[in-house]
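Report on one structure; see the data block that follows.
The values are calculated or read from the model by the stated rules, or taken from the named source; none is laboratory data. Note that this is a predicted model, so its numbers are computed, not measured. Every residue, glycine among them, receives a Cβ derived from its backbone with ideal geometry; neighbour counts consider all protein chains shown. When the accessible area is computed, the model is the full protein with side chains, heavy atoms only, and any ligands, DNA or RNA have been set aside. Shrake-Rupley method; radii C 1.70, N 1.55, O 1.52, S 1.80 Å.
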Amino acid sequence: MNDTRETAPAQGPKGSGVLRRRLMRAAAVVAVVLGGFTAWLAWQAQGLEARVIEAVRPHLATDVAIGSVSVSLWSVWPDVEVILGDVAVEDAVDRGRNFLELQEVGFRMSCLPLLENRLEVKALRLEGGMVRLNRTKTGGENWHFWVDSETEDGPA
């Protein structure tokens, strides 16, 4: 017997190739958007330490030192996490000594308000710190280092 059946290659439904192309395009668009957002965030993070200190300095009666700044988007998606390392706040009464020393200060911010130049802190984390509280005989307290308004002076 001579069997002359031809076997055609198995093909999936006609739309499977179109669906695959659409999924690949969608994945590419998502990757480009996430990559662009990450690049924007990295660009915004440049000089972050100086900008944070510049915003806070008018309200401080003492000096603040920050050793390092790191910004992470992916670890707390869709939020942004900023970690400040080796933070020190100078004593308001005994200059040259620190009132507060922290190994790490981390805060988590909502991402969308950042796009509108607003800061919305969701969580704050303090690690490895030391606080020196001191009251002088004259009544001066070293923990009064925040100035409420621009006209108000700091501690004497």
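I'd like to verify a number: residues in region 43-56 that are part of a helix (DSSP H, G or I), over 19 Å from R125 (Cβ atoms) and modelled with pLDDT under 70, how many? Give the derivation first.
To start, the set of residues in region 43-56 that are part of a helix (DSSP H, G or I) comprises 43-44, 48-56.
Right, trim to over 19 Å from R125 (Cβ atoms) and you get 43-44, 50-51, 53-55.
Those left that are additionally modelled with pLDDT under 70: 44, 50-51, 53, 55.
Final tally of qualifying residues: 5.
Could you count how many residues in region 57-98 are open to solvent by less than 50 Å² (accessible area, probe 1.4 Å) and part of a helix (DSSP H, G or I)?
Summing the residues that are open to solvent by less than 50 Å² (accessible area, probe 1.4 Å) and part of a helix (DSSP H, G or I) in region 57-98 gives 1.
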